[in-house]
Amino acid sequence: MLKGIAASEGIGIGKVMIIEDSTLEYTPKTVTDTDAELQRFRDAVDTFCEETEQQAEAVKKSAGEKEAEILIGHIYMMKDPGMVGSMEAQITGGQCAEAALEQVCDMFIEAFSSTGDEVTAQRAADVKDIKTAILSILLGVKTVKISEAPAGTVLVAKEVTPSMTAGINKENIVGIVTETGSQTSHSAILARALEIPAVLSVENATTKLSSGEQIIVDGNDGDVITAPNEAQISEYSAKRDAFLREKRELENYRGRRTLSASGEEYELFCNIGTPKDAVKAMNADGEGVGLFRTEFLFMDRNALPTEDEQFEAYKQAALVLKGKGLIIRTLDIGGDKDIPYLGLEKEENPFMGFRAIRYCLRNRDLFKSQIKAILRASAFGDIRIMFPLITAVEELRAGKALVEEAKSDLRASGIDFDENIKVGVMTETAASGVIAHLLAKEADFFSIGTNDLTGYTMAADRGNSDVAYLYSPFQPSVLIMIKRIIECGREAGIPVGMCGEAAANPMMIPLLISFGLTEFSVSAPSVLKVRKNISKWTKEEADKVADAVMNMTTEAEITEYLKGIV
Ligand code: PEP
Ligand code: MG
């Protein structure tokens, strides 16, 4: 049995498919039979064009025409006589096909990246993609296609990236095992959103497991059972059935208001990453969206989304929500969220580096176009803007100033938007917790991002298993922060939500009820469970629990006590 972190509930029994990072190494050599080498190169280019055309067809069906056009553009590039001509000239001069391809591509990448112009820089990303694809063909490196995984597949990878999820067919993937990640890493969030059982941080999973072998993924306990015998298969099949039964029972909470046992009402929102997720949120009986992670619109593509493209996405989500609250968080890149085509510089300490609101305030065009897109969409629903990673009042002021600037641009062009749009702060840094009383005076709402708040308060990276013992929202320091943020919000008369993963934790719920949280934002599959858990507590009982907890000294003491009462 292999041990890891239980990151997405449920039991999956299936056959392993290893997703390896392909290495594209080769030794450059001089060729004598240049005609044969030219033919090898041309065959590879033909294969590339055929495969890309098929991919474009598939993308057109799953994602849309615009996305497919990016791939068609790759084919045009490889039909361009300038680029291919230079490669062929190098081969005729005695270079091997791999080296000729790489040299010419690198030259174009360099030229495109150095202009400083965003659109041209995207061409560099396109050339990089082409280079990788054709090199893989020349070297005979097979890239595994997740979308073609057969029914009953368990994906095993170093990490599940947001771009990989595009290919995941929920019907066929019964489990996910990764070598890295924690409860709150993006692999975990994505697995939960897809409702696929997942165990993360399993050491050397990609080498210990082999493609085709049968395993059991226990996403409840964080176990991966290898070579299961008959008895284990029937034991876990029974567990899987019980889990699915409990899920059905939760259906009793569908269509109800979210009330505590003493009648206080809460908003129960969902976290989403795409307009399609908004549909899932509504199907899951969410009462709104407390966090739209907009970076997913920027990932898995080669160029920045335009203002119009963003507007369409936000508008689509707003229309799905039919007037229910929709909190859109502005771009939160950096840290564990990379967008290759932005060419962010590698930093010593990326989580404390040039990211999120810091990056946006320095890249005003990009930021303003996102804000304008959100404002334009606000004519179609109850949209609110939220800034990530705020650490100082100046950042909130600068963001709000840009919102005002964007508003006057739109006014001048006669474009409709919500004049009274609310602008809030994601309180997810230690600094924002400490100055919550100052931020509360200038923000329209708070949403507590416990995933980062825990990390930044404890100085413990959320993806680092060596410091995982410190990374807990039940650390007294984190609970003090949470309580403080809620109290400062209440004193200023602004609503305070929580969109970090802790909002769905049954042990956290009585504390949040007692502190006075007004909105819970959780993943779609957690909605009914959270509604059930909130319904168990009266305000009075919750206050008693919170009193006891806030008088305890250690995380172990707190969690042991809370485990005993939920
Ligand atoms: C958080 O930090 O708690 C949060 C919800 O945002 P993300 O997980 O996207 O960083
Ligand atoms: Mg965060």
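The values are calculated or read from the model by the stated rules, or taken from the named source; none is laboratory data. Computed from a predicted model, the values in this text were never measured in an experiment. Cβ sites come from the backbone with ideal geometry, for glycine too, and all protein chains shown count toward neighbours. Only protein heavy atoms, including side chains, enter the accessible area calculation; ligands, DNA and RNA are left aside. Shrake-Rupley method; radii C 1.70, N 1.55, O 1.52, S 1.80 Å.
Structure above, values below:
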read-out: Distant-in-sequence amide H partners of VAL174 (H built 1.01 Å from N, under 5 Å); value: GLY152, THR153, VAL154, LEU155
read-out: From phi via Karplus (6.51, -1.76, 1.60), per-residue ³J(HN,Hα) for segment 507-517 in Hz, x at Gly/Pro; value: 6, 7, 4, x, 5, 5, 5, 5, 5, x, 4
read-out: Between segment 345-367 and segment 6-59, the alpha-carbon center distance in angstrom; value: 33 Å
read-out: Between helix 65-79 and the chain: long-axis angle, C-alpha atoms, 0 to 90°, nearest 10; value: 20 degrees
read-out: Separation of alpha-carbon centers, segment 427-448 and segment 454-470, rounded to whole Å; value: 21 Å
read-out: HN-Hα J in Hz across segment 236-243 - Karplus 6.51, -1.76, 1.60, θ = phi - 60°, x for Gly and Pro; value: 6, 5, 5, 4, 4, 5, 5, 4
read-out: Anchor LYS483: lysines whose Cα lies under 22 Å away (excluding residues fewer than 8 positions away in-chain); value: LYS441, LYS536, LYS539, LYS544, LYS563
read-out: Fraction of beta bridges assigned by DSSP in the chain that are antiparallel (%, nearest 5); value: 30 percent
read-out: Nearest-0.05 FRET efficiency for THR23 and LYS532, computed from C-beta distance (R0 45 Å); value: 0.40
read-out: Portion, in percent, of the accessible area of segment 254-563 that falls on carbon or sulfur, probe 1.4 Å; value: 50 percent
read-out: Ranking by accessible area, most exposed first, for MET78, MET550 with a 1.4 Å probe; value: MET550, MET78
read-out: Relative contact order (percent, whole number), segment 254-563, Cα cutoff 8 Å, 6+ residue spacing; value: 20 percent
read-out: Segment 183-314: relative contact order in percent, alpha carbon pairs under 8 Å with at least 6 residues between; value: 12 percent
read-out: Helix axis angle, 393-412 relative to the chain longest principal axis, alpha carbon, degrees; value: 70 degrees
read-out: Value of [θ]222 nm, deg cm²/dmol, for the chain, DSSP H segments ≥ 4, -39500 (n - 2.57) each, nearest 500; value: -15500 deg cm²/dmol
read-out: Reachable lysines, given that their alpha-carbon falls under 21 Å from the alpha-carbon of LYS131 and they are not under 8 places away in the same chain; value: LYS29, LYS79, LYS142, LYS145
read-out: On Cα atoms only, tilt of 81-92 relative to the major axis of the chain in degrees; value: 60 degrees
read-out: Nearest-20 debye value, the chain charge dipole, Cβ charges on Lys, Arg, Asp, Glu; value: 1660 debye
read-out: Amide H contacts of GLU159 (H built 1.01 Å from N, under 5 Å, at least 5 apart or other chain); value: GLU179
read-out: Long-range HN-HN contacts of ILE327 with modeled amide H, under 5 Å; value: VAL289, GLY290, LEU291, PHE292, ARG384
read-out: Where the chain is the region considered: accessible area per residue in Å², 1.4 Å probe; value: 45 Å²
read-out: Partners for LYS372 among aspartates and glutamates (Cα-Cα distance below 13 Å; same-chain residues under 8 apart left out); value: GLU307, ASP308, GLU309, GLU312, GLU404, GLU405, ASP409, ASP416, ASP418, GLU419
read-out: Percentage relative contact order, the chain, counting C-alpha pairs under 8 Å, at least six apart; value: 14 percent
read-out: Backbone HN-Hα couplings from phi across segment 33-38 [Karplus 6.51/-1.76/1.60, Hz, Gly and Pro as x]; value: 7, 5, 5, 5, 5, 4
read-out: LEU24 accessible area, 1.4 Å probe, all protein chains in place, Å² to nearest 10; value: 40 Å²
